[in-house]
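Novice: Got a structure for you, written out below as structure tokens; questions coming shortly.
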Amino acid sequence: MRIAIIGAGAMGSIYGSHLSKYNEVYLVDNNKEVVDKINKDGLSLEENGLEVVYRPKAVTSSEKIGKVDLLILFVKSLYSRAALQENKGTIGSNTYVMTLQNGSGHEDILSEVVPVERIIIGTTEDNGAMLKLGYVRHGGTGRTNIGMLVEDKNSMLNTLKKSFDECGFDTIVHDNIQKLIWDKLFTNVSLSAITGVLQVKMGFIAANFSAWNLTKQLVKEAVCVSNAMGLDFDEDTILTKVKKASETSPNGCTSIYADLNNGRLTEVDTISGSVVSAAKKYGVEVPSHEFIVNMVHAMEQRNN
């Protein structure tokens, strides 16, 4: 397959490297220094105690790539729309667009460039960290979960599974991918959102009475939305999972916490904001999530 991966950060580098083993892969990134390093020395991944060098092609512009079979987004979600517009030239009448980004609701943006029949959404359990230019630690491996929102008439999901698995991933095709995405989302819209606003580590949430009360309210609202969507979640089960995450990683720093702490924009619009957007579609009240979204955006703008 011809594959373009937008974003050469840690996750884009991991997927771009492995997929380049048996596919024609282009890593697209605006950072010329990163692109030049990859083209000169390859991409080094620290995996299982070893350093492995992969050689995907890297470009700062996709203008000369032409149409691809698969476009994968690995930018922060707040840059998704701009990234898709910048790389529209790679999207043909048979191109599928895929996202494994954090959060939910990405299909709304992807549908601006391709019909829903060619949108693939999912999650990844792999993780990594950029240690230096062109060098990534592939810290943990897990499943790559993928699915579609409509019938997969061309069996593209099975084609991707075969290709991804050949390249070293453990790919699972799901009939109801939204349920899996929301199952992961509950932790982000509670732990990540509150630790960000309070600027505390994860352990504080389960240990503090007031923080836990707010967590329970956020989970309650999110479960109401998910169940209105027909996803059928149990509130107590979700709360048990969130509490365990807080207690087992007391010093953990969530993405919203880290972004706000470092003066960066966050992905709150596809995390807590995705609950708000879905709630409007299904007529559910989510005042706590609306408050969190506004609070996070206000904190982003404190130093402007």
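No value in this document is a laboratory result; all are computed from the given coordinates. None of the values given here were measured: they were computed from a predicted structure. For neighbour counting, all protein chains shown are included, and Cβ atoms are generated from backbone atoms with ideal geometry for every residue, glycine included.
Novice: Say we join alpha carbon atoms closer than 10 Å with springs in a Gaussian network model of the chain; which of 65, 14, 121 then has the biggest fluctuation?
Specialist: Among 65, 14, 121, the largest GNM mean-square fluctuation belongs to 65.
Novice: How far apart, in nm, are two points set 7 Å out from the Cα along the Cα-to-Cβ line at residue 132 and at residue 280?
Specialist: It is 4.7 nm.
Novice: Residue 159 to residue 294: extension gain in nm, 0.36 nm per residue of separation minus the Cα-Cα distance?
Specialist: Taking residue 159 through residue 294 to full extension adds about 44.5 nm, to one decimal.
Novice: Among 103, 82, 273, flag the residue with its Cα farthest along the positive direction of the charge dipole of the chain, charges on Cβ as +1 for Lys/Arg and -1 for Asp/Glu.
Specialist: Farthest along the dipole direction, towards plus: 82.
Novice: Give, to the nearest whole percent, the P(r) tail of the stretch 136-227 beyond 19 angstrom, counting all Cα pairs.
Specialist: 58 percent
Novice: Which far-off residues, 5 or more places away or on another chain, put their amide H under 5 Å from the one on residue 128, with H placed in the peptide plane?
Specialist: Sorted by chain and number, the residues that satisfy this are 139.
Novice: Further, regarding this structure: Name the most mobile residue of 210, 192, 61, meaning the one with the largest mean-square fluctuation, in a Gaussian network model of the chain with Cα contacts below 10 Å.
Specialist: 210
Novice: Right, next: Please report, in whole Å, how far the alpha carbons of the stretch 10-138 spread along each principal axis, starting with the longest.
Specialist: Extents along the principal axes: 41, 31, 26 Å.
Novice: Could you compute the FRET efficiency for residue 143 and residue 220, with r as their C-beta to C-beta distance and R0 at 25 Å, rounded to 0.05?
Specialist: So, using R0 = 25 Å, E works out to roughly 0.30.
Novice: With each run of n ≥ 4 DSSP H residues scored as -39500 (n - 2.57), what mean residue ellipticity at 222 nm is computed for the chain after dividing by its residue count and rounding to the nearest 500 deg cm²/dmol?
Specialist: Value at 222 nm, helices only: -12500 deg cm²/dmol.
Novice: Say R0 is 35 Å: what FRET efficiency, to the nearest 0.05, do residue 116 and residue 236 get from their beta-carbon distance?
Specialist: 0.55
Novice: Same structure, new question: Any idea what angle helix 10-19 forms with the longest principal axis of the chain, computed on alpha-carbon atoms, 0 to 90 degrees, nearest 10?
Specialist: Between helix and principal axis, roughly 40 degrees.
Novice: Output the 0 to 90 degree angle, nearest 10, between the alpha-carbon long axis of helix 287-300 and the longest principal axis computed from the alpha carbons of the chain.
Specialist: In the chain, helix 287-300 runs at an angle near 60 degrees to the longest axis.
Novice: What net charge is computed for the residues neighbouring residue 61, neighbours being all others with C-beta under 13 Å from the C-beta of residue 61, Lys and Arg scored +1, Asp and Glu -1?
Specialist: +1
Novice: Another one. Averaging over every viewing direction, what projected area does the convex hull of the Cα atoms of the stretch 83-154 cover, in nm²?
Specialist: 6.2 nm²
Novice: Continuing with the same structure: Taking R0 as 41 Å, what FRET efficiency do you get between residue 176 and residue 40 from their Cβ-Cβ distance, rounded to the nearest 0.05?
Specialist: About 0.40, to the nearest 0.05.
Novice: On to the next question. Expected output is a single nm value to one decimal: the length gained when fully extending between residue 82 and residue 210, i.e. 0.36 nm times separation in residues minus the C-alpha distance. What is it?
Specialist: 42.2 nm
Novice: Using the Kirkwood radius over Cα pairs, work out the Stokes-Einstein diffusion coefficient for the stretch 178-300 at 4 °C and 1.567 mPa s, in µm²/s as a whole number.
Specialist: 92 µm²/s
Novice: Which value, in nm² and rounded to one decimal, describes the direction-averaged projected area of the C-alpha convex hull of the chain?
Specialist: The number I arrive at for the chain is 15.6 nm².
Novice: Top mean-square fluctuation among 110, 198, 84, Gaussian network model of the chain, C-alpha springs under 10 Å?
Specialist: It is 198.
Novice: Follow-up question, since we're still on this one. How big is the charge dipole of the stretch 1-90 about its Cα centre, in debye rounded to the nearest 20, if each Lys and Arg gets +1 on its Cβ and each Asp and Glu gets -1 on its Cβ?
Specialist: It works out to roughly 340 debye.
Novice: Then there is this: Extension gain residue 2-residue 264, at 0.36 nm per residue separation less the Cα-Cα distance, in nm?
Specialist: Gain on stretching residue 2 to residue 264: 91.0 nm.
Novice: Of 32/88; 162/281; 241/280; 32/76; 184/220, which sit over 24 Å apart, Cα to Cα?
Specialist: The answer is 162/281; 241/280.
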